[in-house]
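The values are calculated or read from the model by the stated rules, or taken from the named source; none is laboratory data. Since we're looking at a predicted model, the values are computed, not measured. Every residue, glycine among them, receives a Cβ derived from its backbone with ideal geometry; neighbour counts consider all protein chains shown. Just the protein is used for accessible areas: all its heavy atoms, side chains included, with ligands, DNA and RNA removed. Shrake-Rupley method; radii C 1.70, N 1.55, O 1.52, S 1.80 Å.
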Amino acid sequence: MHKLIVTVIAVICSVAVQATAPAELPLPDVPAQLRIPVQRADYILEHFWDAMDWADTALRRDSIFMEINLVNFFSVAPHASAEGAAHAFDQLVSRASADPVTLQLISRFSHRYLGEPESPVRDDCAYEQMCRSLLTALPSDSPEAVYTAFKLDCIEKNALGTVATDFAFIDRSGARRRLLESLAPEARTLLVFFDPDCHDCHAFASSLRADAEVAAQIASGTFQVVFISPYDSHPDFWQSYADTLPPEWIVGYFPQEDVDFDDLYYIPSFPSIYLLDRGAIVMRRNASDWRL
């Protein structure tokens with residue numbers, strides 16, 4: 001596990017590290033008696049910053065140094081337990097809280113790398129935990145705290161293990177339906193929020209349509225695909241694109257006269273992909289790795 005994590009970190013940081021950049025912190029030596037991978041990851045997170053000289057003001061305020069090491073730190077979080085990650089994040093924020101500049105750097109890079117869809121180390125669970133840690137130290141009236149609280153509210157929507165929020169939509173025939181009533185009880189569901197003018201959405205739909213495994217699962221009744229446009233600003237354009245999608249998919253748009261869709265789901269980018277288990281339980285959200 002230790003070698004695996006080192007390899008992942010090296011690959012992630014290979015582009016970011018320049019010849020003139022400050023050194024990376026060394027990974028802690030994991031005790032040999034810790035053999036379970038999650039325990040080893042927890043230990044690395046807990047002791048990741050042990051080699052950091054927090055009294056060195058220039059170092060802790062060096063944005064390049066902090067960015068590189070935070071990416072390394074965040075890359076370990078998916079391998080750790082939720083409790084271990086939360087403890088490590090709390091510990092990091094506590095160490096940095098005496099210096100507002102350092103805390104702002106950590107806040108900025110946490111949002112960039114744990115929250116942005118394009119980040120190679122994006123992780124919703126770690127992002128939620130880090131937001132909670134940051135809110136314990138950021139001044140409550142600061143722009144960083146306000147933004148962090150907003151992002152935490154976003155990522156708390158439709159958390160893993162909860163039932164997906166129900167909503168009404170208009171389908172391709174013009175009929176008004178509800179999401180949960182439309183889902184087959186014995187099937188898993190790929191719920192995709194899309195924009196008909198989004199090239200990435202088109203590419204994803206094309207790859208999904210050509211996927212023989214998906215087609216076989218749909219035919220067997222164990223899988224279904226639901227494409228929903230959260231905004232109906234161009235209904236005619238939506239209809240023309242929706243008509244090109246496979247007839248066995250459920251396709252619809254969210255009517256604007258209803259509540260604000262952003263109050264129901266967090267849509268950081270298009271397409272946003274949710275994998276729902278039987279009973280509409282959220283298994284994956286905003287995930288590119290939606291397959292199990």
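Odds and ends about this structure:
- All told, ASP200 falls short of being over 24 Å from the mean Cα position of the chain (by Cα) and open to solvent by 30 Å² or more (accessible area, probe 1.4 Å).
- For the condition part of a loop (DSSP other than H, G, I, E, B), at pLDDT 95 or above and touching a helix residue (DSSP H, G or I) at 6+ places or on another chain (Cβ under 8 Å), PRO268 does not qualify.
- Within the stretch 104-124, residues that are in a helix (DSSP H, G or I) have Cβ atoms under 7 Å from residues that are among the polar types (S, T, N, Q) and modelled with pLDDT under 90 in these pairs: ASP124/ASN286, counting only partners at least 6 apart in sequence or on another chain.
- Which listed residue is modelled with pLDDT under 90 and either open to solvent by less than 10 Å² (accessible area, probe 1.4 Å) or of a type in the set (Lys, Arg) (or both), from ARG177, ARG188, ARG284: ARG284
- In a residue-by-residue description of the stretch 267-282, the property of being at positive phi and in contact with a strand residue (DSSP E or B) (Cβ under 8 Å, 6 or more places away or on another chain) applies to at least one position.
- Exactly one residue out of SER182, SER240, SER207 is of a type in the set (S, T, N, Q), over 20 Å from SER269 (Cβ atoms) and surrounded by fewer than 12 Cβ atoms within 10 Å (Cβ to Cβ), and it is SER240.
- Some residue of the stretch 241-253 being modelled with pLDDT of 90 or more, of a type in the set (A, V, I, L, M) and assigned to a loop (DSSP other than H, G, I, E, B): yes
- The stretch 24-76, residues that are out of contact with any Pro (no Cβ under 8 Å at 6 or more places or on another chain), in contact (Cβ under 8 Å) with a residue 12 or more places away in the chain and assigned to a loop (DSSP other than H, G, I, E, B): GLU24, LEU25, PRO26, LEU27, PRO28, VAL30, PRO31, TRP49, MET52, TRP54, ARG61
- Criterion: at pLDDT 95 or above and in a loop (DSSP other than H, G, I, E, B) - qualifying residue of LEU152, LEU138: LEU138
- Residue match in the stretch 223-232 (condition: open to solvent by 20 Å² or more (accessible area, probe 1.4 Å), assigned to a loop (DSSP other than H, G, I, E, B) and at pLDDT 95 or above): no
- Residue count for the stretch 210-222, restricted to those that are part of a helix (DSSP H, G or I) and surrounded by fewer than 11 Cβ atoms within 10 Å (Cβ to Cβ): 4
- In this structure, ASP153 does satisfy being of a type in the set (Asp, Glu), more than 17 Å from MET283 (Cα to Cα) and under 22 Å from the mean Cα position of the chain (by Cα).
- Residue count, the stretch 155-174 (criterion: part of a loop (DSSP other than H, G, I, E, B), open to solvent by 60 Å² or more (accessible area, probe 1.4 Å) and not charged (D, E, K, R)): 2
- Subset of the stretch 91-118 [surrounded by 17 or more Cβ atoms within 10 Å (Cβ to Cβ), within 15 Å of PHE74 (Cα to Cα) and more than 16 Å from the chain's Cα centre (by Cα)]: LEU92, VAL93, LEU105, ILE106, SER107
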